[in-house]
Each structure stands twice: as C-alpha cells, then as structure tokens.
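This report refers to the structure that appears directly beneath it.
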Amino acid sequence: MSARTTVAGVILAGGLARRMSNRDKGLILYHGRPLVCYAIDALAGAASEIIISANRNLEQYRLFGPPVVQDQTAGFDGPLAGILTALLHTRAEILVVLPCDSPLVKPEHVRKLLAARADHDADVAAAHDGERLHPVFLALKTALKDSLQNYLASGERRIDRWLEQHQLALADFSATPDIFVNLNTMADLNALEAQSAR
C-alpha cells in the first residue's frame, strides 16, 4: 500500500443485540471500558479517520469523539447497511470494518487486514482464522460503494454473498483465532473478562 493511500475505519455498532436483551453492545463495559473503545483503539493505529455506525444512543456514542452515522434505512438491516453508510461518509480510498464487540483486536491485526488487501490489490480482504471466514472484519476499496448500494437495493442482506461478487483476499489469522471471540451474550462477556483477568 502506498503512502498516499488513505484509510478510514468504521465500527459497526448498529445492531439490535437480541441475545444481549437488546442492550446496545458497544456501550456495554468490558474491564470497565465500553466495548466501542477497544475498536477505536484498534483503528487509531491504522486509520486516519474513524466512523461509528450506530442506530441508537447516538449522543452517547458521540461522546467518544469520532463522527456517528446512522443507516440509510430504519430497519436495522445488518452489517452491510452500516458499511454502506460509512462508504457514503468518507473520501478515503480504503475502508476497514470492525464490529464493536471484539475487544481483543489490536492495531497490528488491522494492519494485517490492510496488508492482505494491498498485497493482492484485491477489492476486499476478509479475516480468516484457518477454519472459517469472519466477514465483518474487512478492508475494502471504497469504490465498491455503488456495488453495495445496488446489492442492498435488490433486497439482499447476506454479507458473504456480496463478498463473493468481488476479488477477495483472505487475511490469515490462523495463529490468533481467539481474537474473534464472539460476545453475543452477557455470559460470553463475563467469561472473557474472567479468562483475561487470570
């Protein structure tokens, strides 16, 4: 990636978190800090611009500093809707996508995603842990904006199906699969806190 390539990052915090009793995941505390703060820290080391994609508690999210953007639609249409909104709000050439609920992701992991895309000059790079794809950990060309807009307008929502339409590079995270731990319930979060406190 050339020094002239500009990178923005978006944190996906716009979901309903049904398995968290509809609590706003990004604002839930992990070791005393809101989960969204860990994503901000991870992106700060690699992106010159950070955007938070949220559909609730907008004023609270604005307190963290980055601009907060809402989906274009009111239906909580999933991660692609948040990605599209970020694409429409940035002039950067590359967008890095992180979910708000993965506190173990660090700046070096973001840089690895960016390098995987740049090394292959791919449209998009997605994280792969050696066994499966993690399609909300992405680095993509912002030129894909029109493609994504058309895909969502057609009624599609599945992220893996959209990724298949483009030149995809896989970022190999098989040495660190644990960073993708999924915090879908409070029990998941409490277990991770207990484990990382040892």
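The values are calculated or read from the model by the stated rules, or taken from the named source; none is laboratory data. Treat the numbers as computed from the prediction; the structure is a model and nothing was measured. Backbone-built Cβ (ideal geometry, glycine too); neighbour counts: all protein chains shown.
Descriptive notes on the structure:
- Here the condition is being farther than 29 Å from Asp119 by Cβ and touching a strand residue (DSSP E or B) at 6+ places or on another chain (Cβ under 8 Å); of Leu170, Leu163, Leu189, it holds for Leu189 alone.
- Hits in segment 156-198 - residues which are modelled with pLDDT under 90, more than 14 Å from Asp101 (Cβ to Cβ) and in a loop (DSSP other than H, G, I, E, B): Glu156, Arg157, Ala197, Arg198
- Qualifying residue in segment 135-150 (condition: within 16 Å of the chain's Cα centre (by Cα), under 24 Å from Ala86 (Cβ atoms), in a strand (DSSP E or B) and not hydrophobic (A, V, I, L, M, F, W, C)): yes
- Leu113 being within 15 Å of the chain's Cα centre (by Cα), without any contact (Cβ under 8 Å) to a residue 60 or more places away in the chain, crowded, with 17+ Cβ neighbours inside 10 Å and in a helix (DSSP H, G or I): yes
- In segment 129-140, the residues that are free of Cβ contacts under 8 Å to residues at least 60 places away in the same chain and exposed (fewer than 15 other Cβ atoms within 10 Å of the Cβ) form Cβ pairs under 9 Å with partners that are assigned to a strand (DSSP E or B) and of a type outside the set (A, V, I, L, M, F, W, C), at six or more places apart or across chains, as follows: Gly130/Asp172.
- Within segment 24-33, the set of residues being surrounded by fewer than 22 Cβ atoms within 10 Å (Cβ to Cβ) and in contact with a helix residue (DSSP H, G or I) (Cβ under 8 Å, 6 or more places away or on another chain) comprises Leu27, Ile28, Leu29, Tyr30, His31.
- Identity of the residue in segment 59-79, at pLDDT 90 or above and among the charged types (D, E, K, R), that ends up surrounded by the most Cβ atoms within 10 Å (Cβ to Cβ): Arg62
- Restricting attention to segment 48-57 and to residues that are modelled with pLDDT under 95 and surrounded by fewer than 24 Cβ atoms within 10 Å (Cβ to Cβ), the residue that is nearest to Arg117 (Cα to Cα) turns out to be Ser48.
- Positions within segment 144-174 being in contact (Cβ under 8 Å) with a residue 40 or more places away in the chain and hydrophobic (A, V, I, L, M, F, W, C), in sequence order: Leu144, Leu148, Leu152, Ile159, Trp162, Leu168, Ala169, Leu170, Ala171, Phe173
- Test: residue in segment 154-171 that is within 13 Å of Ala126 (Cβ to Cβ), β-branched (Val, Ile, Thr), surrounded by 13 or more Cβ atoms within 10 Å (Cβ to Cβ) and within 16 Å of the chain's Cα centre (by Cα): yes
- Among the candidates Asp146, Asp101, residue that is surrounded by 16 or more Cβ atoms within 10 Å (Cβ to Cβ) and of a type in the set (D, E, K, R): Asp101
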